[in-house]
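The values are calculated or read from the model by the stated rules, or taken from the named source; none is laboratory data. It should be emphasised that the depicted structure is a prediction, and the values quoted were computed from it without experimental measurement. In this analysis, Cβ positions are derived from the backbone assuming ideal geometry, glycine residues included, and neighbour counts consider all displayed protein chains. The protein model used for the area step is the full one, side chains on, heavy atoms only, and it has no ligands, DNA or RNA in it. Shrake-Rupley method; radii C 1.70, N 1.55, O 1.52, S 1.80 Å.
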Amino acid sequence: MFRNVAVGAARLTGRRFQSTTVNPVLVHAEETFGKLQETAQREEVKRLSEIMKADWHKVPIENKRAIFYATYGPHNRRRPRSKPGDNWKVFFGVVGTIAVSVTISTLVRNSVSKPHTMTKEWQEMSNEYAREHNINPISGISSEGYKGKGFVQSS
């Protein structure tokens with residue numbers, strides 16, 4: 001009884017399985033893998049994953065390339081969404097948006113009149129008020145020897 005088990009195990013260890021074949025699974029994977037249907041792609045990925053379980057030094061280079069392309073190649077969900085020329089569209093879109101926003105803000109600033117508190121007379125009266133009420137007596141407008149403009153901003 002034990003002899004039969006040992007003979008059967010010896011036969012299995014010498015047998016070559018499909019996952020260790022020398023023939024490449026996908027020839028020119030970059031061209032063929034993307035054209036396959038999704039079910040065929042899944043089957044190829046399963047075959048390639050079986051190949052990866054074998055001794056990596058004995059795997060042919062063509063299979064290594066197919067494994068790399070199936071794992072990291074630009075196909076299906078990994079296909080780039082941008083097309084050639086999209087960079088220029090984005091650039092001109094950004095430049096156009098900035099130009100429109102600058103134009104709108106310039107028009108709004110020029111259409112509104114200055115508030116009455118921005119006149120030179122108002123700001124000079126604010127300086128007098130600050131001196132009368134001793135505002136910021138240490139280093140400001142009410143301090144001794146102050147030589148600044150105070151609240152006057154516009155001319």
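What the table shows:
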quantity: Single match in SER142, SER126 (criterion: at negative phi and in contact with a Gly (Cβ under 8 Å, 6 or more places away or on another chain)); calculated: SER126
quantity: Residues that are at pLDDT 75 or above and surrounded by 12 or more Cβ atoms within 10 Å (Cβ to Cβ), drawn from segment 19-41; calculated: ALA40, GLN41
quantity: Qualifying positions in segment 109-134 - assigned to a helix (DSSP H, G or I), closer than 21 Å to GLN153 by Cβ, free of Cβ contacts under 8 Å to residues at least 12 places away in the same chain and out of contact with any helix residue (DSSP H, G or I) (no Cβ under 7 Å at 6 or more places or on another chain); calculated: ARG109, ASN110, THR117, GLU121, MET125, GLU128, TYR129, ARG131, GLU132
quantity: Within segment 50-96, considering residues that are under 23 Å from GLU38 (Cβ atoms) and among the β-branched types (Val, Ile, Thr), the one surrounded by the fewest Cβ atoms within 10 Å (Cβ to Cβ); calculated: THR71
quantity: Verdict on SER105 being free of Cβ contacts under 8 Å to residues at least 12 places away in the same chain and either in a loop (DSSP other than H, G, I, E, B) or open to solvent by 100 Å² or more (accessible area, probe 1.4 Å) (or both); calculated: no
